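Working notes for the structure below.
The values are calculated or read from the model by the stated rules, or taken from the named source; none is laboratory data. Being a predicted model, the structure only gives us computed values, none of them experimental. Virtual Cβ from ideal backbone geometry, glycine too; neighbours counted across all protein chains shown. For the accessible areas, the whole protein counts, side chains as well, though only heavy atoms, and no ligand, DNA or RNA atoms are used. Shrake-Rupley method; radii C 1.70, N 1.55, O 1.52, S 1.80 Å.
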Amino acid sequence: MDREMIEKLVLEHLKNVIDRDDIDLEMELLGEDGISSIEAMDLLSGLEKEFNIRISPRNLRRVVTVEDLCDLILEMS
Amino acid sequence: MLTYSECAGLNVHELFIKIRKAYGDRPAFIWRSGDQIIRVSYEEFVGDVFEAAYHLDKKDFSGKRVIISGRNRYEEILYMYAAAVIGAVAVMTNFDMQLKAFQEELHRLEPVAIICDDEDRELLLDFEQMPDIQHISLMNQVWTAIPDDLSVINDRGFLDKTIDLEAPALMLMSSGSSGHSKWVVLPQRVFRPRDKTPSGCEQIILPLYHVAAICFINDNLCHGGCTYLSDIQSGIRDMGYFHPQIVIGVPSYLRLMMKKASAGILDLSCFEMVGSVGAPQDPEAARFFEHRGISSPSFYGMTETMGFVTYEDTEFAKPGSVGKIGDWNEVRISDYGEILIRGDHIMSGYYGDEVENALTEDGWLKTGDLGYIDEDGYLFLTGRIGNVIILSNGENINPEIIEHEISKCKAVEEIVISGENDFLVAHIICRQPGDSEIKAEVKKYIARYNKEAALPWRIQKIYFQEIPFERNELGKIKRNQF
């Protein structure tokens with residue numbers, strides 16, 4: 001799967017969790033403008049199914065922005 | 001249902017003999033493995049525990065510490081009890097969510113074995129150099145052979161010793177009443193069930209290093225219930241397979257369930273109870289579930305009390321209270337307002353900690369929580385003695401650890417960490433307030449810290465302040481101003 005497709009799908013999943021339209025790749029995933037740590041686990045569950053990969057919560061340590069998450073998925077898929 | 005009084009004076013081995021006899025073919029655990037649903041009866045589960053105990057005993061692990069780490073798997077529960085059966089100490093942990101310094105903590109414990117998931121294999125390289133470790137094993141590969149003569153794995157066959165009720169059986173990490181992380185040592189007696197624990201078809205989503213997960217699994221086993229094994233990541237999806245009656249989660253997870261149910265993704269019709277642990281219940285979520293006929297109590301307790309101390313009387317709940325004091329423990333308020341607890345579920349102490357004693361001479365646990373008890377036996381919390389921040393995801397954060405770390409940045413004059421719902425914020429006074437370059441330096445430093453920190457410990461927002469922090473008469477910053 002190419003990078004562009006991964007970004008599109010990650011943003012779609014994130015929109016379902018965050019329920020907002022103004023999200024982009026530079027957005028910080030967690031925190032005030034992002035999602036809670038519990039929602040992050042739920043997001044991972046959806047992404048694992050979508051991309052057929054296993055993302056350990058430990059991998060999330062590298063993730064600050066949505067773009068970092070896309071990098072991680074690209075690396076794993 | 002095995003009651004609190006029926007289980008008096010039993011060690012874990014004796015308790016399991018009783019459990020097997022009481023519930024035999026009933027399902028004890030159910031979980032998903034890929035597209036398959038796996039079911040294990042009480043008979044099979046106790047058999048598995050005794051078989052694992054037999055092997056642990058052969059390795060001479062009795063009285064020693066065994067680290068168990070995984071992601072809510074059946075085998076973790078199995079080995080936790082197996083260790084307790086032979087008088088070893090199960091240290092329940094997880095490599096995912098802890099600080100980097102956590103590995104040093106594990107070294108301090110001088111474990112004889114580590115049992116963990118395959119995916120944590122790389123982390124074990126560090127431990128393999130430790131001279132005291134006799135055996136490092138991975139789940140599913142732990143035992144290559146079962147004993148030739150299975151008859152040795154019977155009710156008493158392989159154990160020719162009686163394990164004392166005060167012998168350590170379990171260790172869990174806690175932020176402690178003073179806010180410094182410690183290993184809580186829980187003896188054999190803490191597995192005695194509480195009659196008020198909700199039991200039935202219960203889905204576990206909390207991690208197994210969380211005391212509430214162990215407390216609810218243990219009491220559900222003693223009451224003959226069926227436990228569905230799941231985790232936070234797959235919890236909502238698994239609810240669609242299992243249709244549980246009971247789920248216990250941290251408040252932010254209950255909010256997620258509320259959101260999913262509102263969006264039509266989660267069907268709540270099977271639920272009888274959605275309970276909250278780890279932090280005060282979210283009133284909006286509680287109302288949401290109760291409006292749908294689902295009870296939504298919150299439970300007050302600590303790692304040091306092996307779970308909850310109070311329960312919610314659904315007929316007579318009191319707003320603002322954390323519930324009615326359970327008859328399995330005594331609770332009183334000290335002269336200076338601190339909540340003190342005594343009973344069979346109280347820890348025996350902190351590992352290696354001789355300086356700070358959280359227990360009084362006559363066995364009362366000093367909780368660090370301030371509160372009062374009303375005339376009907378309901379407990380109310382009014383604050384904490386220490387500075388621990390309790391986030392809505394149940395994480396207990398000691399702000400001083402983070403403040404110390406960020407203070408190493410030369411641009412930071414003063415810093416205070418506080419909590420906002422589910423995340424941490426930093427209030428900072430720079431050495432040159434108003435200088436944008438200095439602020440940028442601080443932001444960069446915090447971004448670097450965040451990259452290394454586990455998720456709940458990350459700083460998600462920074463407030464730069466130019467006026468001094470308010471201080472008390474001793475010159476200490478008043479934390480309640482944030």
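State whether segment B:398-481 is rounded, prolate or oblate according to the following rule on the C-alpha gyration tensor (a ≥ b ≥ c being the square roots of its eigenvalues): a/c under 1.5 gives rounded; otherwise a/b larger than b/c gives prolate, and the remaining case gives oblate. Here segment B:398-481 falls in the oblate category. Taking all protein chains as shown and a probe of 1.4 angstrom, B:W328 keeps an accessible surface of around 10 Å². Applying 1/(1 + (r/R0)^6) with R0 = 41 Å to the Cβ-Cβ distance of B:H404 and B:E166 gives a FRET efficiency near 0.65. Accessible surface area normalised per residue over the protein assembly as shown is 43 Å², counting heavy atoms of protein chains with a 1.4 Å rolling probe. Computed on protein heavy atoms with a 1.4 Å probe, the accessible areas place B:M1, B:M173, B:M239 in the order B:M1, B:M173, B:M239, largest first. For the segment B:232-238, counting C-beta atoms of other chains within 10 Å of every residue's C-beta and taking the mean gives 6. So if R0 is 35 Å, what FRET efficiency would B:R479 and A:T65 give, r being the distance between their Cβ atoms, rounded to the nearest 0.05? Efficiency computed from Cβ-Cβ geometry: 0.70. Think of it as helices only: each DSSP H run of n ≥ 4 in chain A is worth -39500 (n - 2.57), and spread over all residues that comes to -17500 deg cm²/dmol at 222 nm. Principal-axis analysis of the Cα atoms of chain B puts helix B:211-222 at an angle of about 20° to the longest axis. Using C-alpha pairs below 8 Å separated by at least 6 residues, the relative contact order for segment A:3-76 is 38 percent. Taking each of B:K18/B:K260; A:K8/B:K451; A:K49/B:K196; B:K318/B:K461; B:K182/B:K478; B:K182/B:K260 in turn, the alpha-carbon distance tops 32 angstrom for B:K18/B:K260; A:K49/B:K196; B:K318/B:K461; B:K182/B:K260. Exposure check, 1.4 Å probe, all protein chains in place: B:H13 carries approximately 0 Å² of accessible surface.
With the Cα gyration tensor of segment B:22-73 giving a ≥ b ≥ c as the square roots of its eigenvalues, does the rule (a/c under 1.5 for rounded; else a/b larger than b/c for prolate; else oblate) give rounded, prolate or oblate? Note, shape of segment B:22-73 comes out oblate. Using a 1.4 Å probe over the heavy atoms of the protein chains, calculate the carbon and sulfur portion of the accessible area of segment A:3-76 as a whole percent. Ligands and nucleic acids excluded, carbon and sulfur give 42 percent. The alpha-carbon positions of the protein assembly as shown define a convex hull whose volume is 170 Å³ per residue. Computed as a quarter of the hull surface, the mean projected area of the alpha carbon convex hull for chain A stands at 4.4 nm². With every protein chain in place and a 1.4 angstrom probe, the accessible-area ranking of B:K410, B:K444, B:K182, largest first, reads B:K410, B:K444, B:K182.
When B:D313, B:D376 are compared by accessible surface with a 1.4 Å probe, the order from highest to lowest is B:D376, B:D313. Report summary: the helix-based calculation at 222 nm, which adds -39500 (n - 2.57) for every DSSP H run with n ≥ 4 and divides by the residues of chain B, gives -7500 deg cm²/dmol.
Among the protein heavy atoms, those of A:E7 account for about 40 Å² of accessible surface (1.4 Å probe, every chain in place). Rounded to the nearest 10 degrees, the angle from helix B:12-23 to the longest Cα principal axis of chain B is 70 degrees.
Chain A contacts chain B over a buried accessible area of about 2500 Å², both sides summed; the probe is 1.4 Å and only protein chains count.
Expressed in Å, the radius of gyration and Dmax of the Cα atoms of chain B are 23.1, 77.
The ellipsoid equivalent to the alpha-carbon distribution of segment B:325-482 has semi-axes of 37, 17, 15 angstrom, derived from the gyration tensor eigenvalues as √(5λ) and listed largest first. To put it simply, the accessible area of segment B:5-57 at a 1.4 Å probe is 42 percent carbon and sulfur. Judged by the mean number of other Cβ atoms found within 10 Å, the most tightly packed of the peptides B:318-324, B:452-458, B:262-268 leads the ranking B:452-458, B:318-324, B:262-268. Quick one: of the DSSP bridges fully inside chain B, what percent are antiparallel, nearest 5? Percent antiparallel among DSSP bridges in chain B is about 55. Counting, for every residue in A:42-48, the Cβ atoms of other protein chains within 10 Å of its Cβ and taking the mean gives 4.
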